[in-house]
Structures are given as structure tokens and as C-alpha cells.
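What follows is a single structure, written as C-alpha cells, with notes after it.
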Amino acid sequence: MKVEDLVEIEAIKDVRQRYSHHYDGKQLDALAELFTEDAICEFAAAFGEDWVGREQIRDRFARFLENEGPEFAVLHVVTNPAIRLVDSETAHGRWYLLDLQTTDPARNPLLLLGVYDDVYRKVDGEWRIHRMRIDFLWPRREVGDPRDL
């Protein structure tokens, strides 16, 4: 692996980490900007099925965030990144996800466990999320076939 590849991988890590901060902080415009214009969020029927395009992605996230309480009521903890550069403009990444609630100390803070399965594209020199899927592992199990790492 070349040093340049490591720089690209770090830039991709930054995208996923900013996603967590923007989502949890309810910064919808900044969150939507992390996606390509033609991005697809692959979700099951319970989440409205696939969300296609940056505008629809922003609108659907807005609906979910309305019901999640104040800023940082939910924390996305992403760990164990596995990122593979496919070519100079495409990459694949998988991340473990722990979703935590912060508003009710009497309740279990763990909301769900999952795995993000992402495809990233480099657009105008910036890495963005092109496809995103969450494989849910707990408390319910909805897992797709992993993309090739």
C-alpha cells in the first residue's frame, strides 16, 4: 500500500465520522452534503425502502430526526473500519455501528447494533457516500449480502 492510499482511506474515514456528528447534531444540510447527488440509502420497508438522491435522503433523515429528541439524544458510535480502494474514484467500506440513547438514564443506553456497508465515490476531489446500507444485528436482525472487500 502506498502513502497516497493511506491518505485517501483517512479521508473516507472522515466522511463516515462526520456523518455521525452531523446526524447526531441534527445538522441536516451538512449531513446531506456527505452524499453524492445520485446516492442511494438501501433500507428495508420499515424505513421507507430505498432513498434515492441527495434531496430525498435529506428529507427522510429530517423525518427521522424529528422524533429523536434534542441534539445528541442519539449517538452513532462507528468502529472497526474496513476500507478498500477499488480505484481512484471508488471505495468500499464497512463499519461496526453502536447506536446509543443519551436522554433517559433509567433506560438501557444501547439502541441497536449494526454494520454500515458503504460505497464511496470521489466527486470534485472529495469523497462522498454513494451507497449506504445498514445491516441490523440487534435487537432485530436484517442482514444483506456483504459487498466485496
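Worth pointing out:
- On the beta carbon distance between Glu4 and Ala106, with R0 = 35 Å, the FRET formula returns roughly 0.10.
- Of all lysines in the structure, those lying under 29 Å Cα to Cα from Lys26, and not within fewer than 8 positions of it along the same chain, are Lys13, Lys122.
- Length added when fully stretched, Glu142-Asn67, from 0.36 nm per residue minus Cα-Cα: 24.8 nm
- Cα long-axis angle, helix 54-66 against the chain (0 to 90 degrees, to the nearest 10): 30
- The chain, relative contact order in percent, only Cα pairs under 8 angstrom and at least six apart counted: 21
- With q set to 0.11, 0.19, 0.22 Å⁻¹, the log10 of I(q)/I(0) for the stretch 1-88, from the Debye formula over equal scatterers at the Cα positions, is -0.37, -0.98, -1.18.
- Per-bin percent of Cα-Cα distances, the stretch 66-149 [5 Å]: 3, 14, 19, 19, 17, 13, 9, 4, 1, 0
- Considering only Phe136, Phe64, Phe72, the Gaussian network model of the chain with Cα springs below 10 Å gives its largest mean-square fluctuation to Phe64.
- For the chain, the spherically averaged projection of the C-alpha convex hull amounts to 8.9 nm².
- The label point for Ala45 and the one for Arg58, both projected 7 Å from the Cα toward the Cβ, are 3.1 nm apart.
- Degrees separating the helix 3-24 axis from the principal Cα axis of the chain, which is the longest one: 20
- Only Cα pairs under 8 Å and 6+ residues apart enter the sum, and on that basis the relative contact order of the stretch 69-149 stands at 25 percent.
A short reminder: the numbers here are calculations on the coordinates, not readings from a lab. Remember, predicted model here, so these are calculated numbers, not experimental data. A quick note on method: Cβ atoms are made from the backbone with ideal geometry, for glycine too, and the neighbour counts reach across all protein chains shown.
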